Amino acid sequence: MSTEAHVGTDRRTAVIVGVLFIVALVLHLVGGVIYGPATGSEDFLERAYPDRTVVTLGLLVEFVAVMSIPLIAYFMFPVLRRFSEALALAYVGFRTVEAVFLIAIEGKVLALIDLSEEAQSADATDRRGLQAIGDSLLAENDWTFNLYILVFTAGALIFYAVLYRTGLVPRWLSIWGFAASAWMLAGRLPTLFGWAKGES
């Protein structure tokens, strides 16, 4: 393929990837805002089932964002492969695992709707059991999100490192993205390993 053809293809890829990045960011935030109040509060047993339509809508919006994540890697793969096939494959892998983690989180949020439905007619003893199950699901989601951040930052570090080497974008932008990803990773490690609580 000629240089001119590569340039034209790369420009189309840049537009598509840019749109997918915006979709992933905006819809992920919007989805969480929609379903978060009903499933992320202490009274999720009272709210999740009555607000199931809103919760489901929020999850569907977020699901569109999740599906756009591996597509970013899919469209970037031919470009990145020209400079490092190993890193291009690693980037696709990390982005795919990202989506898997987010889908797992959404599945547990959906499970809260079922728990909330059972709680509507449960007695006090059963409600305590349902509350414990729900709290466990939310705790699992917290850990899954921590793992998601690790995978996300690993993929982002690869992405910006390749961009820096190739000069596909201004070097300062690659450095900024790399630094931001490293900062995000550093901020998550204390929580993941319990250092923030002084645990050994």
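A compact table of results
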read-out	value
Output for region 58-89, where each listed residue is small (G, A, S) and either modelled with pLDDT of 95 or more or closer than 29 Å to G36 by Cβ (or both)	G58, A65, S68, A73
Selected residue [closer than 30 Å to D135 by Cα and either assigned to a helix (DSSP H, G or I) or at pLDDT 95 or above (or both)] from L20, L29	L29
Unmet criterion (only one of (1) over 21 Å from P78 (Cα atoms); (2) at pLDDT 85 or above) for P190	(2)
Long-range neighbours under 6 Å by Cβ, at least six apart or interchain, first residue closer than 11 Å to A161 by Cβ within region 175-190, second assigned to a helix (DSSP H, G or I) and not aliphatic (A, V, I, L, M)	G177/Y160; F178/Y160; S181/T153
Test: G32 is without any contact (Cβ under 8 Å) to a residue 24 or more places away in the chain, farther than 27 Å from A124 by Cβ and surrounded by fewer than 21 Cβ atoms within 10 Å (Cβ to Cβ)	no
Condition check for A65: in contact with a Lys or Arg (Cβ under 6 Å, 6 or more places away or on another chain) and on the phi < 0 side of the Ramachandran plot	no
Scan of region 160-182 for residues that are among the aliphatic types (A, V, I, L, M), in contact with a Ser or Thr (Cβ under 9 Å, 6 or more places away or on another chain) and outside any helix (DSSP H, G or I), ordered by number	L168
Residues located in region 120-151, provided they are basic (K, R) and either modelled with pLDDT of 95 or more or exposed (fewer than 15 other Cβ atoms within 10 Å of the Cβ) (or both)	R128
Residue among T96, T56 that alone is part of a helix (DSSP H, G or I), within 29 Å of A154 (Cβ to Cβ), among the polar types (S, T, N, Q) and out of contact with any Ser or Thr (no Cβ under 9 Å at 6 or more places or on another chain)	T96
Answer residue from region 81-119, given it is over 19 Å from the mean Cα position of the chain (by Cα) and of a type in the set (K, R) and is surrounded by the most Cβ atoms within 10 Å (Cβ to Cβ) among those	R81
Every residue from region 60-87 that is among the small types (G, A, S), part of a helix (DSSP H, G or I) and in contact (Cβ under 8 Å) with a residue 40 or more places away in the chain	A65, S68, A73
Lone unmet requirement of (1) without any contact (Cβ under 8 Å) to a residue 24 or more places away in the chain; (2) buried (at least 20 other Cβ atoms within 10 Å of the Cβ); (3) among the charged types (D, E, K, R) for D43	(2)
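The values are calculated or read from the model by the stated rules, or taken from the named source; none is laboratory data. Just so you know, these numbers come straight off a predicted model, no measurement behind them. Backbone-built Cβ (ideal geometry, glycine too); neighbour counts: all protein chains shown.
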